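The values are calculated or read from the model by the stated rules, or taken from the named source; none is laboratory data. What you are looking at is a predicted structure, and each value in this text was computed from that prediction instead of being measured. Here Cβ is always computed from backbone atoms with ideal geometry, including for glycine, and neighbour counts include all displayed protein chains.
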Amino acid sequence: MNQQTTVPCHFERHANAILDILNEAILSSTALYDYQPRAPQSMVAWFEAKRSGGFPVIGVEDAAGTLLAFGSYGTFRAYPAYKYTVEHSVYVHKDHRGKGLGRTVMQALIAAARQNGVHALVGAIDAANAGSIALHERLGFARVGTMPQVGFKFGRWLDLALYQLLLETPARPVDG
């Protein structure tokens, strides 16, 4: 059996692999509503936003140290009252989909969210992405809405499904 390890991702070690996974998804799927592949320098700002926000970047590597999947979360909306809500994303390398890696990353993100006092995780998923929707539902996420025709890619309108998981944290939420 191929040994896999869940690891925190770091710029120096993982930026190129994360970029490759993201760019493949941009070019071949509606997992990201981007049109053009991202440039390598975009990863500097991406990792800095994660670091400065205290947001985890979690990956799964094989025994050789190759990144197979990753996920993270970040700011949901830039208003103070949303401070206990995050939007997450998970991506699996095209050669390793359907092997439970998305579930592994999601479980690690949920655990990190609990540890960090997050109350609500939100996933914005292309409504036609049956695999991601099934994964979220198996993990207890509820569909809380659909935004019809908010994206346009590959010559067609795309609907965005919103999924949410409420956690018991933080123990003592505060205003301000």
**Request:** Please work out if K99 is over 20 Å from H10 (Cβ atoms), basic (K, R) and touching a residue at least 60 places away in the same chain (Cβ under 8 Å).
**Result:** no
**Message:** So the check is Cβ under 8 Å with 6+ separation or different chains; which pairs have a first residue in segment 54-73 that's more than 11 Å from T6 (Cα to Cα) and at pLDDT 95 or above and a second one that's part of a strand (DSSP E or B) and of a type in the set (D, E)?
**Reply:** Y73/E87
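Residues checked against (1) among the aliphatic types (A, V, I, L, M); (2) within 25 Å of M106 (Cα to Cα); (3) surrounded by 11 or more Cβ atoms within 10 Å (Cβ to Cβ):
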{"residue": "L135", "(1), (2), (3)": "yes, yes, yes"}
{"residue": "L139", "(1), (2), (3)": "yes, yes, yes"}
{"residue": "V144", "(1), (2), (3)": "yes, yes, yes"}
{"residue": "M147", "(1), (2), (3)": "yes, yes, yes"}
{"residue": "G151", "(1), (2), (3)": "no, yes, yes"}
{"residue": "L158", "(1), (2), (3)": "yes, yes, yes"}
{"residue": "L165", "(1), (2), (3)": "yes, yes, yes"}
{"residue": "T169", "(1), (2), (3)": "no, yes, yes"}
{"residue": "R172", "(1), (2), (3)": "no, yes, no"}
**Request:** Have a look at Y33, Y73 and point out the one that is farther than 19 Å from K94 by Cβ and either in contact with a Leu (Cβ under 8 Å, 6 or more places away or on another chain) or part of a helix (DSSP H, G or I) (or both).
**Result:** Y73
**Complete:** Among A17, A25, A63, the single one that is under 26 Å from G131 (Cβ atoms), under 14 Å from the mean Cα position of the chain (by Cα) and of a type in the set (G, A, S) is A25
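Filter segment 109-132 down to the residues that are of a type in the set (G, A, S) and over 11 Å from Y73 (Cβ atoms) and list them by number.
As a first pass, look at segment 109-132 and keep what is of a type in the set (G, A, S): 111-113, 117, 120, 123-124, 127-128, 130-132.
Within segment 109-132, A111, G117, A124, A127, A128, A130, G131, S132 qualify.
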**Request:** Output the qualifying pairs, or none if there are none: Cβ atoms under 9 angstrom, residues six or more apart or on different chains, first residue in segment 28-41 and farther than 19 Å from G102 by Cα and among the small types (G, A, S), second residue modelled with pLDDT of 95 or more and outside any loop (DSSP other than H, G, I, E, B).
**Result:** A39/L19
**Asked** Is there a residue in segment 79-99 that is touching a His at 6+ places or on another chain (Cβ under 8 Å), polar (S, T, N, Q) and outside any helix (DSSP H, G or I)?
**Response** yes
**Complete:** Across segment 103-154, the tally of residues that are closer than 25 Å to L27 by Cβ, touching a Gly at 6+ places or on another chain (Cβ under 8 Å) and not aliphatic (A, V, I, L, M) stands at 4
**Message:** Cβ-Cβ distance below 6 Å, separation of 6 or more or different chains: which pairs start in segment 147-162 with a residue that is among the aromatic types (F, W, Y) and end on one that is surrounded by fewer than 13 Cβ atoms within 10 Å (Cβ to Cβ)?
**Reply:** W157/Q149
**Request:** Mind listing whichever residues of segment 1-27 are assigned to a strand (DSSP E or B) and free of Cβ contacts under 8 Å to residues at least 60 places away in the same chain?
**Result:** T5, V7, P8
**Complete:** Filter segment 43-57 for residues that are of a type in the set (A, V, I, L, M) and out of contact with any Leu (no Cβ under 6 Å at 6 or more places or on another chain); the one that is farthest from K83 (Cα to Cα) is V44
**Message:** Looking at segment 53-74, can you tell me whether even one residue there is under 26 Å from L158 (Cβ atoms), out of contact with any Lys or Arg (no Cβ under 8 Å at 6 or more places or on another chain) and surrounded by fewer than 18 Cβ atoms within 10 Å (Cβ to Cβ)?
**Reply:** no
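Out of the residues in segment 150-176 meeting the condition of being of a type in the set (G, A, S) and assigned to a loop (DSSP other than H, G, I, E, B), tell me which one is farthest from the chain's Cα centre (by Cα).
Among residues in segment 150-176 that are of a type in the set (G, A, S) and assigned to a loop (DSSP other than H, G, I, E, B), the one farthest from the chain's Cα centre (by Cα) is G176.
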